[in-house]
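Scroll down for the structure; my scribbles are underneath it.
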Amino acid sequence: MTETLLVACPHCHTLNRAPREKLAAGAAGKCGKCGAALFEGHPMTLSAQSFEPHAVKSDVPLLVDFWAPWCGPCRAMAPQFERAAAALEPAVRLAKLNTDEEQELAGRFGIRGIPTMILFSHGREVARQSGLMDAAAIQRWVASAVNR
């Protein structure tokens with residue numbers, strides 16, 4: 001029997017079942033509700049409403065970049081985070097959370113400086129890293145955190 005994973009849609013946030021083998025092969029498919037691709041190789045925008053399906057209910061680890069539009073290092077890291085998403089998805093979902101717009105979530109996770117990245121697995125914080133990183137460093141850091 002094929003093992004299936006729960007994957008939250010980056011567009012409508014509905015949970016979908018996807019075979020592990022297809023995810024590993026990079027062919028995750030489309031959402032059963034809205035028809036959008038489950039992975040596009042780009043970070044999604046996360047909000048308080050979309051946080052739980054992706055961070056808690058999905059079987060795919062979630063890497064969140066906590067950032068703000070006025071933050072120079074955050075803006076400098078944005079293209080690096082984009083490149084990391086292209087390389088890491090579908091093994092890891094990448095998302096950006098604007099701390100100015102989602103102050104409650106930023107406070108809940110004790111974000112004191114930005115950019116800060118937190119890797120979540122089934123609602124649990126697995127790793128945290130603050131400061132500007134390039135795409136290769138993000139990929140190495142995620143690989144080491146996932147393989148702990």
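The values are calculated or read from the model by the stated rules, or taken from the named source; none is laboratory data. Owing to the predicted nature of the structure, the values given are computational and were not obtained by experimental measurement. For neighbour counting, all protein chains shown are included, and Cβ atoms are generated from backbone atoms with ideal geometry for every residue, glycine included.
Are any residues in the range 98-137 within 14 Å of residue 46 (Cβ to Cβ) and in a helix (DSSP H, G or I), and if so, which ones?
Within the range 98-137, 103, 104, 105, 106, 108 meet the criteria.
Just to check your reading of the model, which residue among 76, 68 is in contact with a Cys (Cβ under 9 Å, 6 or more places away or on another chain) and closer than 15 Å to residue 130 by Cα?
Going through 76, 68 in turn, just one is in contact with a Cys (Cβ under 9 Å, 6 or more places away or on another chain) and closer than 15 Å to residue 130 by Cα: 68.
Could you please find all residues in the range 79-97 being surrounded by fewer than 19 Cβ atoms within 10 Å (Cβ to Cβ), part of a helix (DSSP H, G or I) and of a type in the set (A, V, I, L, M, F, W, C)?
86, 87
Across the range 45-74, what is the number of residues that are of a type outside the set (Val, Ile, Thr), surrounded by 14 or more Cβ atoms within 10 Å (Cβ to Cβ) and assigned to a helix (DSSP H, G or I)?
Of the residues in the range 45-74, 8 are of a type outside the set (Val, Ile, Thr), surrounded by 14 or more Cβ atoms within 10 Å (Cβ to Cβ) and assigned to a helix (DSSP H, G or I).
Please state which one of 99, 14, 45, 2 is farther than 20 Å from residue 118 by Cα and modelled with pLDDT of 95 or more.
14
Got at least one residue in the range 35-43 being charged (D, E, K, R) and under 21 Å from residue 125 (Cβ atoms)?
no
Can you pull out the residues in the range 108-148 that are surrounded by fewer than 15 Cβ atoms within 10 Å (Cβ to Cβ) and hydroxyl-bearing (Ser, Thr, Tyr)?
Within the range 108-148, 144 is the sole residue that qualifies.
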